Structures are given as structure tokens and as C-alpha cells.
1. Between a residue in segment 38-49 that is in contact (Cβ under 8 Å) with a residue 12 or more places away in the chain and any residue that is assigned to a helix (DSSP H, G or I) and of a type in the set (Phe, Trp, Tyr), which pairs come within a Cβ distance under 9 Å, given they are 6 or more apart or on different chains?
2. Within the set of pairs 6 or more residues apart or between chains, which connect a residue that is in a helix (DSSP H, G or I) inside segment 90-114 to a residue that is loosely packed, with under 12 Cβ neighbours inside 10 Å and hydrophobic (A, V, I, L, M, F, W, C) with Cβ atoms less than 8 Å apart?
3. Consider Arg23 carefully, then state whether it is closer than 19 Å to Trp85 by Cβ and of a type in the set (Lys, Arg).
4. Kindly indicate the residue of segment 52-70 that is of a type in the set (A, V, I, L, M, F, W, C) and closer than 27 Å to Thr123 by Cα and also surrounded by the fewest Cβ atoms within 10 Å (Cβ to Cβ) among those meeting that condition.
5. Is it true that some residue in segment 65-81 is more than 20 Å from Pro107 (Cα to Cα) and part of a loop (DSSP other than H, G, I, E, B)?
6. Inside segment 71-88, can you point out the residues that are surrounded by 13 or more Cβ atoms within 10 Å (Cβ to Cβ) and among the aromatic types (Phe, Trp, Tyr)?
7. Kindly establish whether Lys84 is of a type outside the set (Asp, Glu) and either modelled with pLDDT of 95 or more or assigned to a strand (DSSP E or B) (or both).
Amino acid sequence: MKAKKIGALLLRVAGMKKKQHKRSPCPVACTLDLIGDKWTLLIIRDMFLGRCYYGDFSKSPEKIATNILADRLEKLVMSGLAEKWQPNDEPNREAYRLTSKGRTLKPVLESIATWGLNHIEGTEARLKPK
């Protein structure tokens, strides 16, 4: 196993947050590094809609692959945007929810949705809160 993979594995096992390398000090670039891939904001959207279980996220209309979903959920937790928790009604299940830091992304998501509705023909806000 390569040293980089071993280091990442040790960080996960120890529960430590991996320090992210910044390619520039630009806040747009740094934000895109954190949430700018094509899946992360969709997972955050689903959390805002009340989805919290792994299976809920995998059933989204965009059909995210399970390995990518697991990776993005881990990145959201490691970055402090989401947290794992155990619901009282299902103590044997692990769930995810946004932290206060993650919830500050709501206006960003709303702006992106509004822009899409106004400028991309055929878009609709179909998903409803759980």
C-alpha cells in the first residue's frame, strides 16, 4: 500500500481531520474544492430536504454510485459540514445531518436552484421535504 493511502487510512481510524491542501487562497476556489464536485451539493440538498440515511441518498433521482456516495459523506463529515448520528427511533442505524456550518449553505443552494429555474429550460423543483 502506498504511503499516502496508509496515512489517509490512519487518519480515518484515528478520527482526525485531514488538513486540506489549498491550491490558492481564493475563497471561490477553496469553496469549490470543498463542495464543487457534481455530487456534494446534491447530498447537501437532500439533507436540507430531510433525508438522513445512506439509502435515502442513494435513491435520489441522480443515481449516485454507492462508492461515490460513501466518499462524499465522509468528506462532508471530515470537513465539519455534516455529522453522523443515531436517531432515537432507530438506534441501530447510522444517519447523517448537516451541522450548523453545513446549514449556512442553504442560501447558496437556494440561489443555485433559482438560477437554474430561471436560466435552464425544462428544470423543475420536484423534490419535496420528507
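1. So the pair list comes out as Leu42/Phe57; Ile43/Phe57; Asp46/Phe57; Met47/Phe57.
2. Ala113/Ala125
3. Judged against the criteria, Arg23 is not a match.
4. This residue is Ala65.
5. yes
6. If the condition is that a residue be surrounded by 13 or more Cβ atoms within 10 Å (Cβ to Cβ) and among the aromatic types (Phe, Trp, Tyr), then no residue fits.
7. yes
Each row is one residue, and each column tells you yes or no for (1) over 9 Å from the mean Cα position of the chain (by Cα); (2) of a type in the set (A, V, I, L, M); (3) on the phi < 0 side of the Ramachandran plot; (4) modelled with pLDDT of 95 or more.
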residue: Trp39; (1), (2), (3), (4): no, no, yes, yes
residue: Ile43; (1), (2), (3), (4): no, yes, yes, yes
residue: Phe48; (1), (2), (3), (4): yes, no, yes, yes
residue: Cys52; (1), (2), (3), (4): yes, no, yes, yes
residue: Lys59; (1), (2), (3), (4): yes, no, yes, no
residue: Asn67; (1), (2), (3), (4): yes, no, yes, yes
residue: Arg72; (1), (2), (3), (4): no, no, yes, yes
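The values are calculated or read from the model by the stated rules, or taken from the named source; none is laboratory data. Source: prediction; values computed, not measured. With ideal geometry, Cβ positions are generated from the backbone for all residues, glycine too; neighbour counts draw on all protein chains shown.
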